[in-house]
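To keep things clear, I will list the structure first and then write my remarks on it.
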Amino acid sequence: MPNIQLYKALRRELESKNVTLVAVSKTKPIEDLKELYDAGCKIFGENKVQELIAKHEQLPKDIQWHMIGHLQRNKVKYITPFIYLIHSIDSFKLLKEVNKEAIKSNREIPCLLQIHIAQEETKFGFSLEEVQEMILSTEYKVLNNIKIAGVMGMATNTDNMDQVRKEFKTLHHIFNSLKINFDDSFKEISMGMSGDYLVAIEEGSTMVRIGSSLFGKRNYT
Ligand SMILES: *Cc1c(COP(=O)(O)O)cnc(C)c1O
């Protein structure tokens, strides 16, 4: 069951700081999302395409759906008709696929470039150099149906907040160095989850992705 009290307090706190709250509802039943929706939440994040489309079908159409998890290219076509923001663009190939499908939906789809900032090998994402190489290429310049709206990153899963802070600082620096290549829509730094969102905001986050604090622990069995 979602914690509505906490949602409202968090939302107020974040709004005063101009930070967008993405409620991460992965693995949670539709009733939980509905309850949060009724409390005023219109921004949900999911990390699996199938779950995302099922929930999109069942819930009111004024919800902004955010894709925050690793996205396989063969599944892009299922979300391009309605997705509000893709946080997890982690390769040039994926970006090209999103553009291709966005053309079919006659949309310009906002995307964040996921940057690899964690020490863990497993986290997806670009390096700064990879992004720079991509945006200089002629192939990139013809992608007219995507809009790069900023960057996203996940810190190392650790209790060491100094390390987490360092990684968020790195993401902010990368955002700053990329900014000159884009227009005014390049403004989002998606960083911070339940355990580290306060540090993320101190380091310049504009968008936090919060799941377990709002919905309770996830059960993956
Ligand atoms: C699950 C998830 C979150 C939310 O994590 P919590 O610790 O539950 O707040 C944020 N971002 C991504 C990419 C996730 O997969």
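List pairs: first residue in region 39-56 and away from the ligand (no atom under 12 Å from the Cβ), second residue basic (Lys, Arg) and assigned to a helix (DSSP H, G or I) anywhere in the structure, Cβ distance under 6 angstrom, at least six positions apart or on different chains.
If the second residue must be basic (Lys, Arg) and assigned to a helix (DSSP H, G or I), the pairs left are Val49/Lys75.
Testing Ala54 on (1) assigned to a helix (DSSP H, G or I); (2) in contact with a strand residue (DSSP E or B) (Cβ under 6 Å, 6 or more places away or on another chain); (3) small (Gly, Ala, Ser), one condition comes back false. Which one is that?
That leaves (2) as the condition not met.
Exactly one of these conditions fails for Met134: (1) at pLDDT 95 or above; (2) loosely packed, with under 14 Cβ neighbours inside 10 Å; (3) more than 16 Å from the ligand (Cβ to nearest atom). Give me its number.
(2)
Conditions (1) in contact (Cβ under 8 Å) with a residue 12 or more places away in the chain; (2) in a helix (DSSP H, G or I); (3) within 16 Å of the ligand (Cβ to nearest atom), marked per residue:
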| residue | (1), (2), (3) |
| --- | --- |
| Leu143 | yes, no, no |
| Ala155 | yes, no, yes |
| Gln163 | yes, yes, no |
| His173 | no, yes, no |
| Ser185 | yes, no, no |
| Gly192 | yes, no, yes |
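Output the qualifying pairs, or none if there are none: Cβ atoms under 7 angstrom, residues six or more apart or on different chains, first residue in region 83-99 and closer than 22 Å to Glu57 by Cα and at pLDDT 95 or above, second residue of a type outside the set (D, E, K, R) and assigned to a helix (DSSP H, G or I).
Ile86/Val98; Val98/Val76
Out of all the residues in region 40-61, which are in contact with a helix residue (DSSP H, G or I) (Cβ under 9 Å, 6 or more places away or on another chain) and exposed (fewer than 15 other Cβ atoms within 10 Å of the Cβ)?
Within region 40-61, Gly40, Gln50, Ala54, Gln58, Pro60 qualify.
Report whether or not Glu121 is away from the ligand (no atom under 16 Å from the Cβ), acidic (Asp, Glu) and either within 27 Å of Ala102 (Cβ to Cβ) or at pLDDT below 95 (or both).
yes
Kindly indicate the residue of region 72-91 that is within 13 Å of the ligand (Cβ to nearest atom) and over 17 Å from Ser25 (Cα atoms) and also surrounded by the fewest Cβ atoms within 10 Å (Cβ to Cβ) among those meeting that condition.
Here is the first cut: in region 72-91, the ones within 13 Å of the ligand (Cβ to nearest atom) are 85-90.
Those left that are additionally over 17 Å from Ser25 (Cα atoms): 89-90.
Details: Ile89: 25, Asp90: 20.
Out of the qualifying residues, it is Asp90.
Each row is one residue, and each column tells you yes or no for (1) within 28 Å of Arg12 (Cβ to Cβ); (2) over 18 Å from the mean Cα position of the chain (by Cα); (3) surrounded by 16 or more Cβ atoms within 10 Å (Cβ to Cβ).
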| site | (1), (2), (3) |
| --- | --- |
| Val151 | yes, no, yes |
| Ala155 | yes, no, yes |
| Asp159 | yes, yes, no |
| Ser177 | no, yes, no |
| Phe186 | yes, no, yes |
| Ile201 | yes, no, yes |
| Asn219 | no, yes, no |
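Suppose we keep only residues that are within 13 Å of the ligand (Cβ to nearest atom) and either under 24 Å from Ile79 (Cβ atoms) or hydrophobic (A, V, I, L, M, F, W, C) (or both) within region 1-19. Which one would you say is surrounded by the most Cβ atoms within 10 Å (Cβ to Cβ)?
Going through the qualifying residues, I end up with Pro2.
Got a number for residues in region 1-31 being out of contact with any Phe, Trp or Tyr (no Cβ under 6 Å at 6 or more places or on another chain) and over 13 Å from Arg209 (Cβ atoms)?
19
How about region 203-217: which of its residues are of a type in the set (A, V, I, L, M, F, W, C), near the ligand (Cβ under 8 Å from one of its atoms) and either over 11 Å from the mean Cα position of the chain (by Cα) or crowded, with 22+ Cβ neighbours inside 10 Å (or both)?
Leu214, Phe215
Could you please let me know if His70 is closer than 20 Å to Arg218 by Cα and part of a loop (DSSP other than H, G, I, E, B)?
Considered against the rule, which asks whether it is closer than 20 Å to Arg218 by Cα and part of a loop (DSSP other than H, G, I, E, B), His70 comes out as yes.
The values are calculated or read from the model by the stated rules, or taken from the named source; none is laboratory data. This structure is a prediction, so every number in the text was calculated from the model and none was measured. Heads up, the Cβs are rebuilt from the backbone with ideal geometry, glycines too, and the neighbour counts pull from every protein chain shown.
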